[in-house]
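Let me begin by presenting the structure, written as structure tokens, before commenting on it.
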């Protein structure tokens with residue numbers, strides 16, 4: 001290589017330049033992310049709370065206000081200020097005169113394609129599930145997603161019996177899925193022809209959740225009364 | 001948080017919700033590397049390995065970010081970890097088997113931009129899998145990716161010799177095959193539950 | 001033919017048709033096929049990607065003399081990941097429903113080969129204004145392509161467009177269109193169409209050059 005070629009080649013960047021670039025860009029990027037995060041955080045929290053409220057009021061049709069309860073280690077339910085996050089939460093709905101309408105609980109389990117998340121409403125008075133809403137599902141469109149829209153299927157959940165046995169320790173009858181058109185008992189779920197697995201999944205999710213929660217809840221009614 | 005059995009997770013990741021054919025992740029290498037059977041299987045193995053390592057690291061990072069309450073750093077840290085893992089794998093393969101390194105060529109560093117690996121890290125974080133569940137998920141996803149890649153390569157090798165309309169040659173044909181494979185894989189739905 | 005200097009608008013227009021990232025370059029498809037099952041989702045995803053593309057092009061271009069070659073890819077990825085995180089939180093704040101539909105695929109914009117490709121091939125070597133135009137053109141071309149994909153899938157698979165009923169009740173939905181395979185087929189169909197256009201154009205140009213040479217002969 002000639003002298004001129006060597007001289008005209010740019011000098012290799014120093015380590016300092018490389019550090020400066022990476023760290024400089026890193027810091028600016030970090031600042032940008034944090035500021036956007038801080039600005040949007042309250043909006044996002046509000047959106048989530050609104051969505052949850054809407055779901056609770058959908059499964060407890062007479063509720064006008066709600067409050068969140070967490071199951072503590074002794075088996076009692078404590079009210080939380082504001083919304084809590086994490087496990088073991090139930091939501092109590094109250095009507096205009098601060099009377100307890102019922103509880104809303106979230107449950108999830110495996111569907112046909114992927115996990116299904118739903119929320120269901122429970123009424124103390126009827127000792128039954130009075131409504132469900134699917135929160136998250138990736139079931140097959142046109143087939144499995146009928147669990148969200150089929151009116152006959154949704155009728156199952158207007159009064160799904162989850163009463164306890166005499167000794168108040170277990171469900172008297174587990175929630176069982178039955179073939180379409182063969183429902184005879186209040187604790188059975190009439191399936192959807194053509195969407196068997198998805199409808200069976202819903203029944204199983206509800207059963208699992210009810211088996212675990214109903215005994216705890218029904219014996220702790222006093223924890224929830226008393227308005228907000 | 002999730003009580004799916006490990007077997008369900010594996011079947012789900014590899015067959016029912018195959019990363020390539022159901023989630024459309026890893027299309028770039030899928031369409032790029034899948035013309036030869038041999039390269040396809042090697043690519044699949046490399047991707048599976050990177051997935052495994054990234055999955056473990058992602059689990060650790062997520063735990064750390066939750067501890068210091070900085071969830072917004074998730075994406076940047078994941079991509080940094082994946083890039084470093086690929087770099088390490090590259091150096092490792094170069095040392096252990098230079099022939100393999102040469103045959104993989106440009107596609108090895110391209111694993112970094114493989115949506116499937118970042119997708120894996122993000123999905124497992126969203127689902128809140130435990131450590132063991134994460135590993136099984138990564139193995140399942142890698143196996144599924146390799147399977148899709150190998151199937152595609154086998155089909156395309158045969159198709160090279162077939163007579164197809166000029167206008168469909170290339171990517172359009174590959175996509176149609178992918179579509180048919182995707183429909184076939186739908187038959188796995190409901191398996192393992 | 002010598003390449004004439006391109007104006008700003010030229011940079012913009014090339015991304016829409018001639019060098020359309022999806023139909024011509026077949027780039028950056030990964031994260032988008034999965035969420036293109038309705039026109040709304042596809043458009044939102046396309047616009048989010050366009051936003052990240054424009055912003056990262058601008059930033060990369062303005063820092064192009066500041067970033068040494070050795071660390072450029074790492075820095076580009078850092079910048080892109082930042083804007084993707086920003087878009088992620090913005091979408092969450094604007095519409096939780098949209099966020100639920102798009103999910104983790106928003107974050108996957110960061111590995112969209114298109115954005116890194118433009119940063120490396122264009123933004124690192126051109127002025128801020130040109131890079132912004134290039135990003136805008138490619139981004140809108142990308143969003144347009146996604147929209148085509150999503151619209152076809154929604155119309156055939158659901159009978160709606162932007163949730164508005166289009167066909168009579170007796171229309172049987174082609175459910176396969178909403179499924180992943182539908183995404184593959186639809187994209188294949190569009191590519192087929194583009195290939196056909198390209199070939200027809202090439203044949204015409206070939207025929208006209210033959211005609212010209214016959215005249216000069």
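Every number here is computed from the coordinates shown, using simple stated rules; none is lab data. These numbers come from a predicted model, not from an experiment. A quick note on method: Cβ atoms are made from the backbone with ideal geometry, for glycine too, and the neighbour counts reach across all protein chains shown.
Structure data summary
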| quantity | calculated |
| --- | --- |
| Chain A, relative contact order [Cα under 8 Å, separation at least 6], % | 15 |
| Among beta bridges that DSSP assigns inside chain A, antiparallel share in %, nearest 5 | 90 |
| Region B:6-186: equivalent-ellipsoid semi-axes (sqrt of 5 x gyration tensor eigenvalues, Cα, Å) | 30, 19, 14 |
| Per-residue [θ]222 nm for chain B (sum of -39500 (n - 2.57) over DSSP H runs n ≥ 4, rounded to 500) | -23500 deg cm²/dmol |
| Rounded if a/c under 1.5, otherwise prolate or oblate - region C:10-216, Cα gyration tensor axes | oblate |
| Whole-Å semi-axes of the protein assembly as shown's equivalent ellipsoid (Cα gyration tensor) | 49, 30, 24 |
| Residue order, fewest to most beta carbons within 10 Å, for C:187, B:151 | B:151, C:187 |
| Cα-based helix-to-principal-axis angle, A:196-218 vs chain A, degrees rounded to 10 | 70 |
| Cα-based Rg / Dmax (Å) for region A:48-224 | 15.7, 45 |
| Degrees separating the helix B:115-127 axis from the principal Cα axis of chain B, which is the longest one | 40 |
| Antiparallel content of DSSP bridges confined to the protein assembly as shown, in %, to 5 | 90 |
| CD proxy at 222 nm, helix term only [per DSSP H run n ≥ 4: -39500 (n - 2.57); per residue of chain A; nearest 500] | -12500 deg cm²/dmol |
| Model label zone, residue A:155; criterion: amide N under 15 Å from point 7 Å along Cα-to-beta-carbon; scope region A:102-143 | none |
| Between region A:139-170 and region C:175-194, the alpha-carbon center distance in angstrom | 36 |
| Rounded to 10°, Cα long-axis angle of helix B:131-159 versus longest principal axis of chain B | 10 |
| Gaussian network model of chain A, Cα within-10 Å springs - most flexible of A:154, A:32, A:89 | A:32 |
| Förster-model FRET efficiency, 60 Å R0, residue B:102 and residue C:204, C-beta, rounded to 0.05 | 0.90 |
| Relative contact order of chain B, defined on C-alpha pairs under 8 angstrom at six or more residues apart (%) | 45 |
